[in-house]
Amino acid sequence: MEEFIEALKAENAALNLRAAELRDQNKADEAVFTTVRANVYDICATVCRAHLKNGTPSAIGGIFARFQDEWSAALESAKTRDNARKICIEEEKLEALADVRARFALTGCGK
């Protein structure tokens, strides 16, 4: 599990560096979306660390499922309102979460 958390932290750091590069290149929108993605990795690493510390790593999968439900609902709401920026943000969050969940499944901790 520690290796998984470290991988999430590394992904977060790399994405934050990329966001800074994009800002330097005056690509503000891309930087925002990259930062959103980085934040998902950070949030997920924090959740994992907390549940590992509390001795409840089996609860992590449920938390990720809740994120999926909440962010999917936010995406649908953005689509209803035709809010293109929010749609892109929610899609970015869901894509990053899908990657996190796939990596988490490989750890075997979600069973």
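Please treat every number below as a calculation from the coordinates, not as lab data. From a predicted model like this one, the values you see are computed outputs, not experimental measurements. Cβ atoms come from the backbone with ideal geometry, glycine included; neighbour counts cover every protein chain shown.
A few comments on the model shown:
- Lysine pair count for the chain (Cα-Cα distance under 22 Å; residues 8 or more apart in sequence or on different chains): 6.
- Hull shadow area, averaged, the chain [alpha-carbon convex hull, nm²]: 6.8 nm²
- Anisotropy class of the stretch 32-92 from Cα gyration tensor, a/c 1.5 cut: oblate
- If only the Cβ of Lys and Arg carry +1 and only the Cβ of Asp and Glu carry -1, the dipole of the chain around its Cα centre is close to 260 debye.
- A simple spin-label model places the labels of Glu2 and Ala65 2.9 nm from each other, with each point 7 Å out along Cα-to-Cβ.
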